[in-house]
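Chemist: Please find one structure pasted underneath; my questions will follow.
The values are calculated or read from the model by the stated rules, or taken from the named source; none is laboratory data. Values in this document were obtained by computation on a predicted structure and should not be read as measured data. Here Cβ is always computed from backbone atoms with ideal geometry, including for glycine, and neighbour counts include all displayed protein chains.
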Amino acid sequence: MTAPNWYASGREHVWLPYTQMKTARPPLPVASAEGTRLTLAGGRELIDGISSWWACVHGYRHPHIEEAVRHQLEALPHVMLGGLAHEQAYTLARRLAGLLPGDLDHVFFSDSGSVAVEVAMKMASQFWLNQGKRRMKFLCFKGGYHGDTFATMSVCDPDEGMHSLFKGALLEQIVVELPKTVADEAALDLLLERHGKDLAGIVVEPLVQGAGGMVFHDPFTLQALRRLADAHDLLLIFDEIFVGLGRLGDAMFACQIAGVQPDIVTLSKALTGGTLPLAATIASRRIHEGFLSDDPLHALMHGPTYMGNALGCAAANASLDLFESEPRLAQARAIEGQLESLLAPARALPGVKDVRVRGAIGVIQLDRTAPADRLSASCIANGVWLRPFRDILYTTPPLIAGEGDIAHIAGAMLTAVAEWGTEAVC
């Protein structure tokens, strides 16, 4: 494939994410996208098996979202939310409050998932500061991932995560295993007896730890954390940036599946259907009221320039329309059933440690770290875009992906793992 001029002239100037720039394979130039397909420069098509990092749940270029953004662009592309208001942000906040359980009614907008978690941590810490209590640390979990900004790095897995290089330079947190049994809950209860007064809250990815390894846990874990948070007067933060908005199929949000209401929820990625950057941190009435005061210093002093961007909010409102009018949750459940069947043969392949599926998430876990570029290249050769990491080859397809797409993705995964396993044995 001959590289287009823009690619050849700009490539040396772009610093890519999560990439060793000296050794990485050159990225693929994408000319356009539609539905589940990426079209490369030169015309070749790939099925996007990870929805542009889990975001494009409705596929690319859904006409309803495009029309909403186009209409908003003609009226008001952006206006600051400091002292001004616009319809799309206020409508979106009302709709999110209506979708989330209980009194999760107060929406603070930002422009990325990492910032949404930073805001949640800041909210939790200042909630206590406004009461004259200095509780700045958080309980977080091994295998967890919450973003790449400095505070969020501190609540990621400090040893196995991608930020281990910064260990010792980050805020000190309490990091433990997720409680999965009654005994685990009891042990964590004892730990919180000793350290709870120093903690602002608990930060967890509900039901699925994503970038930490696509690890699943049961609703019991979240129910235990709610009980512990209540017992020790801690705030419970659910980072639903990955799983929120339909990915798991049984409900729009993981907190609903578990039957647990957190104090703060963070959303991003699928919020706009993968079209524009937008994130939200949604707090309960108790949290919001903790900032109401005659003292101006008790206000939440945070305000990203593009928070509540009108174009992003228009896309998000259109995305919520699609969740209401099209069967996304049923589609996620159908993908789950197909992935369970199609990925099952991987269990018999050399080098495979585990195969697991939850909602529209399919994972083949290898028994050691594998060459990501080699696995990805095999999938690309078979017409599928996937980006494995560490010992994980996974798919998080658009929820609109049909049976043919899912079969194609699963087939490419099996082929890639079989080729790698055969070479490893030899």
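Chemist: I'd like to know if region 267-284 contains one or more residues that are of a type in the set (D, E, K, R) and either without any contact (Cβ under 8 Å) to a residue 12 or more places away in the chain or not assigned by TED's automatic domain parsing to the domain that holds Ala318 (or both).
Modeler: Within region 267-284, not a single residue is of a type in the set (D, E, K, R) and either without any contact (Cβ under 8 Å) to a residue 12 or more places away in the chain or not assigned by TED's automatic domain parsing to the domain that holds Ala318 (or both).
Chemist: Can you find a residue that is assigned to a helix (DSSP H, G or I), free of Cβ contacts under 8 Å to residues at least 40 places away in the same chain and either under 16 Å from Trp54 (Cα atoms) or not basic (Lys, Arg) (or both) anywhere in region 216-224?
Modeler: First, the residues of region 216-224 that are assigned to a helix (DSSP H, G or I): 219-224.
Okay, now just the ones that are also free of Cβ contacts under 8 Å to residues at least 40 places away in the same chain, so 222-223.
Narrowing further to those that are either under 16 Å from Trp54 (Cα atoms) or not basic (Lys, Arg) (or both): 222-223.
Looking for residues that are assigned to a helix (DSSP H, G or I), free of Cβ contacts under 8 Å to residues at least 40 places away in the same chain and either under 16 Å from Trp54 (Cα atoms) or not basic (Lys, Arg) (or both), one finds at least one in region 216-224, hence yes.
Chemist: Six or more apart or on different chains, Cβ atoms under 6 Å: show the pairs whose first residue is in region 352-370 and under 16 Å from Gly337 (Cα atoms) and whose second is among the aromatic types (Phe, Trp, Tyr).
Modeler: These pairs meet every condition: Arg358/Phe216; Val363/Tyr394.
Chemist: Among the candidates Ala68, Ala85, single out the residue that is surrounded by 16 or more Cβ atoms within 10 Å (Cβ to Cβ) and not assigned by TED's automatic domain parsing to the domain that holds Ala332.
Modeler: Numbers: Ala85 fails: surrounded by 16 or more Cβ atoms within 10 Å (Cβ to Cβ).
After ruling out the rest, the residue left standing is Ala68.
Chemist: Please go through region 387-426 and give me each residue that is out of contact with any His (no Cβ under 9 Å at 6 or more places or on another chain), surrounded by fewer than 24 Cβ atoms within 10 Å (Cβ to Cβ) and of a type in the set (A, V, I, L, M), ordered by number.
Modeler: Correct list: Ile392, Ala407, Leu414, Ala418, Ala424, Val425.
Chemist: In the list Gly43, Gly35, which residue meets the criterion of being of a type in the set (Gly, Ala, Ser) and either touching a Cys at 6+ places or on another chain (Cβ under 7 Å) or surrounded by 13 or more Cβ atoms within 10 Å (Cβ to Cβ) (or both)? Even if it seems obvious, please write down each step before you answer.
Modeler: On the way: Gly43 fails: either touching a Cys at 6+ places or on another chain (Cβ under 7 Å) or surrounded by 13 or more Cβ atoms within 10 Å (Cβ to Cβ) (or both).
When all the criteria are applied, what remains is Gly35.
Chemist: Let me ask something else about it. How many of the residues in region 168-206 are within 23 Å of the chain's Cα centre (by Cα), exposed (fewer than 14 other Cβ atoms within 10 Å of the Cβ) and free of Cβ contacts under 8 Å to residues at least 24 places away in the same chain?
Modeler: Of the residues in region 168-206, 0 are within 23 Å of the chain's Cα centre (by Cα), exposed (fewer than 14 other Cβ atoms within 10 Å of the Cβ) and free of Cβ contacts under 8 Å to residues at least 24 places away in the same chain.
Chemist: Could you look through region 1-50, keep only residues that are of a type in the set (Lys, Arg) and modelled with pLDDT under 95, and pick out the one that is nearest to His62 (Cα to Cα)? Let's see the steps before the verdict.
Modeler: Just the residues of region 1-50 that are of a type in the set (Lys, Arg), to begin with: 11, 22, 25, 37, 44.
If we keep only those that are modelled with pLDDT under 95 too, we end up with 11, 22, 25.
Values: Arg11: 29, Lys22: 37, Arg25: 31 Å.
Among residues in region 1-50 that are of a type in the set (Lys, Arg) and modelled with pLDDT under 95, the one nearest to His62 (Cα to Cα) is Arg11.
Chemist: List the pairs whose first member sits in region 117-138 and is farther than 14 Å from Leu300 by Cβ, whose second member is assigned to a helix (DSSP H, G or I), and whose Cβ atoms are under 6 Å apart, counting only residues at least 6 apart or on separate chains?
Modeler: The qualifying pairs are Val117/Thr152; Arg135/Trp128; Met136/Ser125; Lys137/Asp198.
Chemist: Considering only residues that are in a loop (DSSP other than H, G, I, E, B) and not polar (S, T, N, Q), which ones fall in region 384-423?
Modeler: Leu386, Arg387, Pro388, Arg390, Asp391, Pro397, Pro398, Leu399, Ile400, Ala401, Gly402
Chemist: Quickly run through region 228-274 and pick out the residues that are of a type in the set (Ser, Thr, Tyr) and either in a loop (DSSP other than H, G, I, E, B) or over 21 Å from Lys122 (Cβ atoms) (or both). Full working, then the answer.
Modeler: Of all residues in region 228-274, those of a type in the set (Ser, Thr, Tyr) come to 266, 268, 272.
The answer is Ser268, Thr272.
Chemist: From the residues in region 365-386 that are surrounded by fewer than 16 Cβ atoms within 10 Å (Cβ to Cβ) and under 23 Å from the mean Cα position of the chain (by Cα), which one is farthest from Gly43 (Cα to Cα)?
Modeler: Only one residue tops the list, namely Thr369.
Chemist: Residues in region 46-60: is at least one more than 30 Å from Arg374 (Cβ to Cβ), among the β-branched types (Val, Ile, Thr) and under 19 Å from the mean Cα position of the chain (by Cα)?
Modeler: The initial filter retains those residues of region 46-60 that are more than 30 Å from Arg374 (Cβ to Cβ), namely 58.
Still in the running and among the β-branched types (Val, Ile, Thr): none.
No, the conditions are met nowhere in region 46-60.
Chemist: Right, another one. If Asp294 satisfies all but one of (1) outside any helix (DSSP H, G or I); (2) surrounded by fewer than 22 Cβ atoms within 10 Å (Cβ to Cβ); (3) touching a residue at least 40 places away in the same chain (Cβ under 8 Å), what's the number of the condition it fails?
Modeler: Result: Asp294 passes all but (3).
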